[in-house]
Amino acid sequence: MESTRRGFLSGAVAAGAASGLGFQIMPAMAAEELKLATFVPNTHIIMAKVLTPWADKIAKDSGGELTVRMFPSMQLGGKPPELYRQMARGISDICFTLPGYTSGDFPMMALTELPGMADSGADGTKKLWANFDKFLAPQFKDAKVLMLWNSDSAALMSKTKPIRRLEDLRGMKVRTPSAAQSAQLTALGATPIDMPANQIYNNLDRGVVDAAMIPMSAAIDFKLIEVARHFTINAPLGRSNFIVAMNRARYDRLSANLRKIVDDTTGLSLSLQGAATYDEQNDAGVAAARKDREVITLDAAERKRWLDAFRPHIDAEVATGEKAGLPARGLVSAYGLLG
């Protein structure tokens, strides 16, 4: 029976070829796999609620022709500040990171982290995209930016000394994610310590830093409520930016159909999902901290004192940018921070 079946198939192929009907066995189209590298684990809220569903969607929309393989927790090697450069060099195809980890590479992005630039994660995200083409795009020539969004409001988390007034910060060693936010703390009299988020827990616990400047959404993701005891949640601090960027050459090599799927599923809409996810996690972080930790809210008068202390810093950052040939005043004015 099996020999009869093989004979039938051989004859059918031969007959198809002889009759000119074009009967042929087509090779399967090879799937495109994109490697996404990040410093956070797969359980991180953006990975779980935004990037994994996005990867599932593009796989579905492309019929399996385009897939994303996640490499969380620096599985491709290196350190968190190297993620963007790894992507630009092609070590990964996509990275999820913070531009602030290498602030010197993104001086215009650093300006968007100034105090008072946004009222919420969604507000800041809309402003980022509204000003992207004019002011920010030149800094991302090596990349196709898939997501760019603002974090929720930064908090100050300390283990032993609560931060209730401006004076409490003076002399404290405080973790920050970027040079831009380090400069803010310097303006307030603190000593900034640049540090990736995944190093905060141990360094705060051991007293290497006295406090950490990081959004409350991260209090859950990085288990900081276990080690910090005091949380100042509404200081008028700048907001970190997060980015998911794809190697430009890799993006250009995709077929037109696959590029369209990437374009249609990313950009402002996906970025706003990131901002909303962080804002929701922020609320959850505050609620968790209130259970057995001190949550401190500055009153209006105290917040104004902080903002007044920031004014010389804001003016100096704009002047420095302009001196370097950057349209710093134009960007900050577009955000409504300058008259």
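The values are calculated or read from the model by the stated rules, or taken from the named source; none is laboratory data. Remember, predicted model here, so these are calculated numbers, not experimental data. So basically every Cβ, Gly included, is an ideal-geometry build from the backbone, and we count neighbours across all protein chains shown.
Of note:
- Of residues in the range 302-328 being touching a residue at least 24 places away in the same chain (Cβ under 8 Å) and over 16 Å from residue 116 (Cβ atoms), the one surrounded by the most Cβ atoms within 10 Å (Cβ to Cβ): 321
- Selection from the range 164-184 of residues that are aliphatic (A, V, I, L, M) and at pLDDT below 95: 179, 180, 183
- Residues of the range 152-198 classified as surrounded by fewer than 20 Cβ atoms within 10 Å (Cβ to Cβ), over 14 Å from residue 115 (Cα atoms) and among the polar types (S, T, N, Q), total: 3
- Test result for residue 81, out of contact with any Lys or Arg (no Cβ under 8 Å at 6 or more places or on another chain), crowded, with 22+ Cβ neighbours inside 10 Å and closer than 22 Å to residue 217 by Cα: no
- Scanning the range 225-250 for residues that are in contact (Cβ under 8 Å) with a residue 40 or more places away in the chain, part of a helix (DSSP H, G or I) and over 19 Å from the mean Cα position of the chain (by Cα), we see that the one that is surrounded by the fewest Cβ atoms within 10 Å (Cβ to Cβ) is 249.
- Whether a residue is in contact (Cβ under 8 Å) with a residue 60 or more places away in the chain and more than 24 Å from residue 272 (Cα to Cα) was assessed, and residue 166 passes this test.
- Criterion (under 17 Å from the mean Cα position of the chain (by Cα), closer than 19 Å to residue 216 by Cα and of a type in the set (D, E, K, R)) met by exactly one of 279, 283: 279
- Residue ID - modelled with the highest pLDDT, chosen from residues in the range 210-223 that are in contact with a strand residue (DSSP E or B) (Cβ under 6 Å, 6 or more places away or on another chain) and closer than 24 Å to residue 275 by Cβ: 212
- For the condition of a type in the set (Gly, Ala, Ser), crowded, with 18+ Cβ neighbours inside 10 Å and in contact (Cβ under 8 Å) with a residue 12 or more places away in the chain, residue 120 does not qualify.
- First in the range 79-93 and on the phi < 0 side of the Ramachandran plot, second anywhere and part of a helix (DSSP H, G or I) and not hydroxyl-bearing (Ser, Thr, Tyr), Cβ under 6 Å, 6 or more apart: 92/86; 93/250
- Residue count for the range 48-72, restricted to those that are touching a residue at least 24 places away in the same chain (Cβ under 8 Å) and touching a strand residue (DSSP E or B) at 6+ places or on another chain (Cβ under 7 Å): 10
- The single condition from (1) modelled with pLDDT under 95; (2) surrounded by fewer than 24 Cβ atoms within 10 Å (Cβ to Cβ) that residue 207 fails is (1).
- The condition (being farther than 25 Å from residue 220 by Cα and either among the aliphatic types (A, V, I, L, M) or in the same structural domain as residue 234 (by TED's automatic domain parsing) (or both)) is satisfied by just one residue among 304, 323: 304.
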